[in-house]
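Trainee: Let me give you the structure first, and then I'll get to my questions.
The values are calculated or read from the model by the stated rules, or taken from the named source; none is laboratory data. A quick note: this is a predicted structure, and the numbers were derived from the prediction, not measured. A quick note on method: Cβ atoms are made from the backbone with ideal geometry, for glycine too, and the neighbour counts reach across all protein chains shown.
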């Protein structure tokens, strides 16, 4: 498609979560990821098979291919409405992903996508993966350790996780600046919309708790860090962790 058609199709989409650079200087009007360089994803993923859980518009799916991955499988169940999106915006489903995939000259042979939740992951359905991305997903899970177990069961090498963390924010202790610093292994449960006014946010861990969850799911070597050292907003209270398996 030409640039004008691509720009028109991007502008017609009801909501963009990711900011994705497309051909012809077209950039989707999303805002995430906030700090991709701080994620610690290797610059090269040559020859690896990657699972992108909660892919949404597909930023990290396409980025993995740009970094040399031989194949990416993206999954999402479109259950996150961010606390404000209407049903129409999320009912668009894979439309934004498919638009970007087409514009980038990719197809399902190297970049497949499936409508499914993390709990439905299995080797029988998707095969095995060298690397799994779990970005912006963990705190949306009613059963986070089960979700990590499902991921671990198909992951041979490394799991990369980005999540909201409690180190600098607690919904129950006074908000920003009143979190659980100092290595506390703590998670808060939100039965309603206590975190970010989003009813799809269920659990948020501290960075230490995130590491403990990943180790419990079979990733023996875990490194974690805050994406922002001194966050000034809830949106910046995010952490990242890399879990690797023995051997």
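Trainee: Could you list all residues from region 205-247 that are part of a strand (DSSP E or B) and under 11 Å from residue 159 (Cβ atoms)?
Mentor: Those that are part of a strand (DSSP E or B) and under 11 Å from residue 159 (Cβ atoms): 221, 222, 241, 242, 243, 244.
Trainee: So which residues in region 142-159 are surrounded by 21 or more Cβ atoms within 10 Å (Cβ to Cβ), touching a helix residue (DSSP H, G or I) at 6+ places or on another chain (Cβ under 9 Å) and in contact (Cβ under 8 Å) with a residue 60 or more places away in the chain, if there are any at all?
Mentor: 144, 148, 151, 159 - these are the residues of region 142-159 that are surrounded by 21 or more Cβ atoms within 10 Å (Cβ to Cβ), touching a helix residue (DSSP H, G or I) at 6+ places or on another chain (Cβ under 9 Å) and in contact (Cβ under 8 Å) with a residue 60 or more places away in the chain.
Trainee: Identify, please: which residue in region 48-70 is in contact (Cβ under 8 Å) with a residue 40 or more places away in the chain and over 13 Å from residue 132 (Cβ atoms) and is, among those, surrounded by the fewest Cβ atoms within 10 Å (Cβ to Cβ)?
Mentor: 70
Trainee: Condition first: in contact with a strand residue (DSSP E or B) (Cβ under 6 Å, 6 or more places away or on another chain) and touching a residue at least 24 places away in the same chain (Cβ under 8 Å). Now tell me which residues in region 196-222 satisfy that.
Mentor: If the condition is that a residue be in contact with a strand residue (DSSP E or B) (Cβ under 6 Å, 6 or more places away or on another chain) and touching a residue at least 24 places away in the same chain (Cβ under 8 Å), then 203, 204, 205, 207, 209, 210, 211, 214, 215, 219, 221 are the ones that fit.
Trainee: Going through region 175-184 one residue at a time, which ones are in a loop (DSSP other than H, G, I, E, B), touching a strand residue (DSSP E or B) at 6+ places or on another chain (Cβ under 8 Å) and surrounded by fewer than 22 Cβ atoms within 10 Å (Cβ to Cβ)?
Mentor: 177, 178
Trainee: Looking at (1) farther than 22 Å from residue 74 by Cβ; (2) surrounded by fewer than 23 Cβ atoms within 10 Å (Cβ to Cβ); (3) modelled with pLDDT of 95 or more, find the lone condition where residue 246 falls short.
Mentor: Of (1) farther than 22 Å from residue 74 by Cβ; (2) surrounded by fewer than 23 Cβ atoms within 10 Å (Cβ to Cβ); (3) modelled with pLDDT of 95 or more, only one is false for residue 246: (3).
Trainee: What number of residues within region 88-141 satisfy the criterion of being under 30 Å from residue 169 (Cβ atoms), surrounded by fewer than 20 Cβ atoms within 10 Å (Cβ to Cβ) and in contact with a strand residue (DSSP E or B) (Cβ under 9 Å, 6 or more places away or on another chain)?
Mentor: 1
Trainee: Sticking with this one: Of these, 40, 24, 47, which one is in a loop (DSSP other than H, G, I, E, B) and farther than 15 Å from residue 240 by Cα?
Mentor: Exactly one of 40, 24, 47 is in a loop (DSSP other than H, G, I, E, B) and farther than 15 Å from residue 240 by Cα, namely 47.
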